[in-house]
Amino acid sequence: MLIEDLIHQFILIKKREPSHSSELLRYIKKSYIYGELSAVEYKKLFLDLNLTSITRKERYFLSTNTNF
């Protein structure tokens, strides 16, 4: 499952878009606990979401920090 698929599934279930990547992390954790995701799917999505949130934070920091 890709992150795009996860977001689409989240929207179908919750009837709204996720506000933050941590909300998606909680969603996949719950899905894993209830057996809706395999361990492999959970691990892949977890790593992808963490990488995505880290890259966004770095981009934000670089765009707002102009005192080099």
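The values are calculated or read from the model by the stated rules, or taken from the named source; none is laboratory data. Small disclaimer: the values here were computed from a predicted structure and weren't measured. All Cβ positions, even for glycine, are placed from backbone atoms using ideal geometry, and neighbour counts span all protein chains on display. The protein model used for the area step is the full one, side chains on, heavy atoms only, and it has no ligands, DNA or RNA in it. Shrake-Rupley method; radii C 1.70, N 1.55, O 1.52, S 1.80 Å.
Quick look at the numbers
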quantity: Among (1) modelled with pLDDT under 90; (2) part of a helix (DSSP H, G or I); (3) exposed (fewer than 10 other Cβ atoms within 10 Å of the Cβ) - the single one Leu12 does not satisfy; calculated: (1)
quantity: Top-ranked residue of region 21-36 - restricted to ones that are open to solvent by less than 100 Å² (accessible area, probe 1.4 Å) and out of contact with any helix residue (DSSP H, G or I) (no Cβ under 7 Å at 6 or more places or on another chain), ranked as nearest to Leu47 (Cα to Cα); calculated: Ser22
